Amino acid sequence: MSKVTIIGGTHVMKAPNVDYMNYVFIPIMKQIGYQFDIDMLRPGYYPRGGGRVVLKIPRPTNPNGGKFHSFNLTQRGKLVQKSAILNLTTPLFDQKGTIISKVKSIDGSDVKINRVSYASVEYFLKYENAALGFYRLVEGRPPRPTLDEFLHAIGTVEAEFIEFYNSSVTVDTFLQDQLIIYMTLAKLQNPNNVSEFTTLAPLCDHAMSAIHVAELFTGLKFTISLSESIVHILL
């Protein structure tokens, strides 16, 4: 097994955090056919960073090396679980009763509360064939973030969570661009490979940039189709 220790920010603005990796990205990668795990030894948050995670990659079982896998993420199957993680600073933790009362979309027994040195709101959807995550880091130096700022973040995350929950798509905003490289490599390895996924419109800028760069470097052409609010990506 290979191990890589990475130091930096585990919880930052506008980017999937380590919890997202463990709840969404890694389960989807394992579903596709890639095997690895991440352990967080210490969290790190903006602006100090200092987090420490260990990436663990098992030895390939194929002596001739691994291969890139195509995938079909268009049917998410039955709902398995709705869950949330609320990371609270000490002042916010002391008001956790008020905070929990504002979580409307998830049963209280499926909400995990952590007393830590940063504040974030994290919601997750787990289906038979899909996993989705929604996240906001609530920034500020003590005495911030305030209770009102944290409650506003809950409202923002809940709105996105409900929009995706009420749809039929399989991929959230964070995962869109991360899948493009795997689609590209699988197609380059075997032109008969077909990969596809669905997500809500509009595609994020990162996904559009990833598609553009992949097409420039490889000559491949992604098919992007829109039906009402659902985007279908095919390669």
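Only residues that are among the polar types (S, T, N, Q), under 23 Å from Ile113 (Cα atoms) and open to solvent by 40 Å² or more (accessible area, probe 1.4 Å): list them for segment 1-26, please.
Asn22
Filter segment 67-95 for residues that are touching a Gly at 6+ places or on another chain (Cβ under 9 Å), open to solvent by 60 Å² or more (accessible area, probe 1.4 Å) and not basic (Lys, Arg) and give the result.
Within segment 67-95, just Phe68 meets the criteria.
Can you find even one residue in segment 62-70 that is under 23 Å from His11 (Cα atoms) and either in contact with a Ser or Thr (Cβ under 7 Å, 6 or more places away or on another chain) or part of a helix (DSSP H, G or I) (or both)?
There is no residue in segment 62-70 that is under 23 Å from His11 (Cα atoms) and either in contact with a Ser or Thr (Cβ under 7 Å, 6 or more places away or on another chain) or part of a helix (DSSP H, G or I) (or both).
So that you can scan it fast, the table gives a plain yes or no per residue for (1) under 23 Å from the mean Cα position of the chain (by Cα); (2) at pLDDT below 95; (3) among the aromatic types (Phe, Trp, Tyr); (4) within 30 Å of Ile230 (Cβ to Cβ):
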{"residue": "Gly66", "(1), (2), (3), (4)": "no, yes, no, no"}
{"residue": "Lys78", "(1), (2), (3), (4)": "yes, no, no, yes"}
{"residue": "Ile85", "(1), (2), (3), (4)": "yes, no, no, yes"}
{"residue": "Gly97", "(1), (2), (3), (4)": "no, yes, no, no"}
{"residue": "Ile106", "(1), (2), (3), (4)": "yes, yes, no, yes"}
{"residue": "Asp110", "(1), (2), (3), (4)": "yes, yes, no, yes"}
{"residue": "Asn114", "(1), (2), (3), (4)": "yes, yes, no, no"}
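Does any residue of segment 151-164 turn out to be over 16 Å from Tyr123 (Cβ atoms) and of a type outside the set (A, V, I, L, M, F, W, C)?
Taking every residue of segment 151-164 in turn, none turns out to be over 16 Å from Tyr123 (Cβ atoms) and of a type outside the set (A, V, I, L, M, F, W, C).
Scan segment 116-133 for residues that are at pLDDT 95 or above and either open to solvent by less than 20 Å² (accessible area, probe 1.4 Å) or not in a loop (DSSP other than H, G, I, E, B) (or both) and report the count.
Total satisfying the criteria: 11.
Among the residues that make up segment 48-66, is at least one of them open to solvent by 80 Å² or more (accessible area, probe 1.4 Å) and touching a helix residue (DSSP H, G or I) at 6+ places or on another chain (Cβ under 9 Å)?
Taking every residue of segment 48-66 in turn, none turns out to be open to solvent by 80 Å² or more (accessible area, probe 1.4 Å) and touching a helix residue (DSSP H, G or I) at 6+ places or on another chain (Cβ under 9 Å).
Filter segment 27-47 for residues that are assigned to a loop (DSSP other than H, G, I, E, B) and within 27 Å of Ser120 (Cβ to Cβ); which is least open to solvent (accessible area, probe 1.4 Å)?
Gly44
Restricting attention to strands (runs of 3 or more DSSP E) lying wholly within segment 141-235, give those where 3 or more residues are open to solvent by 20 Å² or more (accessible area, probe 1.4 Å) and closer than 18 Å to Thr74 by Cα.
Answer list for segment 141-235: 223-227, 230-234.
The values are calculated or read from the model by the stated rules, or taken from the named source; none is laboratory data. This one's a predicted model, so the numbers in the text were calculated from it and none came from an experiment. Don't worry about glycine lacking a Cβ; one is built from the backbone with ideal geometry, like all the others, and counts go over all protein chains shown. To get the accessible areas, we keep the full protein, side chains included, count just its heavy atoms, and leave off ligands, DNA and RNA. Shrake-Rupley method; radii C 1.70, N 1.55, O 1.52, S 1.80 Å.
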